[in-house]
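All of the numbers you see were taken from the coordinates with simple rules; none came from a lab. Everything quoted here is computed from the prediction, not taken from an experiment. Don't worry about glycine lacking a Cβ; one is built from the backbone with ideal geometry, like all the others, and counts go over all protein chains shown.
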Amino acid sequence: MSYCTCLRRLIDARTAEVLSNFKSLYEQQYAVALFNKLRYDVEGGGGPQPQLLHRKVPLENKSIFSGMLLQYIEENKKWRNRFLFVPDSYKISYYENKQAHDRGLNPKGSINCAGYKVLISMEKYLELLDTSLPDVKAKVGSSPFLKCATQFPVILWHPYARHHYFCAATEKEQEKWHAVFQDCIRHTNNGLSEECKVQTPAFTDAVRLYRQTHGQYGTWDMMCGVPSQILANLVMEKLLPELRDLISPRLKGKMQERQKSWTLISDAVYSLVQIQTQTEYEAIVQSCEEGRPPLEASIRTDMDQIITSKEHVTSKIRALVLPKAEKLLKVSIEPYIGSILDALMEPTSRGFFEVRDVFFRELVDMSKNLLNGGNKEKLGEYMEKVSMLAYHPVKMQCCYEKVEQLSLEGLQQRFDVTSPSVFVQRAQILMRELMDDAVYTFEQLLHQSLEGHEEEDLSKTIQKCQDRVIKKYDYDSSTVRKRFFREALLQIFIPYMLKQLSPSCSADLPRFQELIFEDFSRFILVENVFEEVVLQTVMKDIMM
């Protein structure tokens with residue numbers, strides 16, 4: 001058997017192994033998520049209602065950003081000018097020039113930024129490159145394999161996929177593109193739809209439980225992109241160390257050449273794995289969706305009995321878990337709540353206040369410009385620009401930068417938090433959503449105010465609408481931040497609690513399954529009930 005055949009078999013075997021384990025977990029969690037969704041539909045949920053309006057139909061067919069950059073072309077090792085275009089999908093396309101884009105020609109290539117990091121320092125890039133092949137290190141002072149065309153590199157790095165190299169003409173242009181690429185990463189990382197009330201929780205819980213069965217609790221930096229990408233990351237996490245051990249000794253050439261070869265091999269494997277995970281995930285979802293109608297009918301018929309049965313099992317599991325959970329909470333969680341909350345609150349609140357200021361300044365500028373002979377036609381032109389404010393990566397960057405100062409230094413290792421990036425990106429997504437809600441609410445209020453009031457002073461009308469929106473923004477900002485802090489604390493503490501409690505509780509859980517009527521056993525899983533009990537225990541301490 002050839003060496004390549006052995007590698008292909010290893011890749012296929014590891015992918016099939018991960019997907020098989022994921023499939024059984026997803027099917028279990030799908031039924032639980034369906035029950036939770038239908039129960040929520042009946043009982044509803046509490047919490048304050050937002051005051052700002054939300055776009056029911058998102059902005060479509062809009063350009064987020066475009067412009068020229070130098071790109072390094074791997075094939076001929078040359079730098080070439082490229083026209084980059086970022087549509088509202090945030091998938092970066094690059095063209096020979098602007099004319100090629102305007103004529104509707106196919107791009108030279110495109111980049112899905114999920115899982116990437118953007119770097120503006122060659123030193124930082126080489127540090128990350130050294131981690132790809134731990135046994136192959138650059139000598140101090142050795143020349144990098146890539147000579148940048150200018151002093152202002154913008155590099156997209158990924159732990160598994162191909163790297164992309166760009167150079168800007170000036171420092172200002174570098175900062176601009178850095179902000180644009182960060183926005184693309186932020187958006188594409190956020191690939192799971194919150195509108196899918198069954199598939200998304202089933203998927204996230206299945207991934208989380210899969211990682212927990214392998215002793216991996218806590219946040220995961222590669223929970224990035226759409227489901228097929230996340231599953232590919234799950235496979236690569238297991239597969240890559242094995243491949244590295246097999247392939248690394250066979251790589252020839254200088255240190256930089258071996259690192260480069262490894263990056264290209266990793267990219268090829270990652271692409272192959274993604275094709276398999278996408279096909280398999282679609283098949284899993286289709287199978288579950290086809291089985292949904294009878295499940296749904298069963299839940300609707302027996303809803304009250306299922307709830308009663310679940311409450312009975314929950315009370316039994318709570319009696320087992322609560323004494324241990326409360327002791328752990330008092331000793332290992334409560335002393336840290338204040339310091340973690342402080343670390344989260346200051347930069348996040350600064351970010352949300354900056355969103356308010358950017359929104360306010362934009363409307364003040366518009367009012368000033370309209371004072372000099374502005375009319376409704378001119379107002380329409382300004383509002384076209386304002387409507388895109390939340391999606392303008394450069395204008396929003398000053399808001400995003402505030403929350404990037406978030407640090408959990410000293411707490412990361414204790415609570416198994418790999419980095420604060422999960423929380424930073426979540427806060428930034430919420431900031432953008434709230435900015436768009438503020439803009440949309442302003443658009444609606446202004447439209448209503450101008451109807452039938454042809455002669456009214458435009459600047460006064462804008463001022464009134466602006467004041468109303470700012471009040472609504474302040475209310476919603478407070479609500480959103482409280483929810484974010486609560487969710488972040490749970491993301492930090494719950495995995496830690498589960499990791500500590502599971503060894504002493506897991507062995508006792510199967511006997512509680514016997515208390516569940518067989519017809520309800522698909523909708524009540526003792527592992528889920530155990531986690532809910534732990535969640536409720538922690539929630540009491542961090543309610544805001």
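See the values below:
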item	result
Exposure proxy ranking, count of Cβ atoms within 10 Å, fewest first, for CYS398, CYS113, CYS465	CYS398, CYS465, CYS113
Solvent-free Debye scattering, log10 I(q)/I(0), computed from the Cα coordinates of segment 63-189 at q = 0.16, 0.19 Å⁻¹	-0.80, -1.12
Mean Cβ neighbour count within 10 Å, used as a protection proxy, ranking 386-395, 359-368 highest first	386-395, 359-368
Average Cα contact separation per residue, the chain, under 8 Å, 6 or more apart, as relative contact order %	19
Selection from LEU105, ILE92, PRO50, by position along the positive dipole direction of segment 41-109 (Cβ)	LEU105
Ranked list, fewest to most other Cβ atoms within 10 Å of each Cβ, for TYR473, TYR26, TYR210	TYR210, TYR473, TYR26
Charge dipole of the chain about the Cα centre (unit charges at C-beta), most positive-ward option of HIS163, SER506, GLN259	GLN259
For segment 336-431, alpha-carbon Rg relative to the globular expectation (2.2 N^0.38 Å, N residues)	1.46
Per-pair calculated FRET efficiency, R0 = 56 Å: ASN61 and SER315 via Cβ, rounded to 0.05	0.55
Free-standing Cys, the chain [no other Cys Cβ under 4.7 Å]	CYS4, CYS6, CYS148, CYS167, CYS196, CYS224, CYS288, CYS398, CYS399, CYS465, CYS505
³J(HN,Hα) computed for each position of segment 280-297 - Karplus, 6.51 cos²θ - 1.76 cosθ + 1.60, integer Hz, glycine/proline x	5, 5, 4, 5, 4, 5, 4, 4, 5, 5, 5, x, 5, x, x, 4, 5, 4
Listed residues TYR270, LEU295, TYR391: farthest to the positive end of the dipole of the chain (Cβ charges)	TYR270
Debye, to nearest 20: dipole size of segment 389-518, +1 on Lys, Arg Cβ, -1 on Asp, Glu Cβ	620
Over the chain: helical MRE at 222 nm, DSSP H runs n ≥ 4 each giving -39500 (n - 2.57), nearest 500	-22000 deg cm²/dmol
For the chain, size of Cβ-based charge dipole, Lys and Arg +1, Asp and Glu -1, in debye	1680
For segment 300-542, alpha-carbon Rg and Dmax in angstrom	24.9, 78
Computed E for ASP102/ARG468 - FRET, C-beta separation, R0 35 angstrom, nearest 0.05	0.30
Cα-centre dipole for segment 63-189 with unit charges at Cβ (Lys and Arg positive, Asp and Glu negative), debye to 20	240
Sequence of LYS252, LYS260, LYS324, LYS62 once ranked by neighbouring C-beta atoms within 10 Å, starting from the fewest	LYS252, LYS62, LYS324, LYS260
Förster radius 51 Å - calculated FRET efficiency between LEU371 and ARG300, Cβ distance, rounded to 0.05	0.25
Over segment 300-542, relative contact order from alpha-carbon pairs under 8 Å, at least 6 apart, %	36
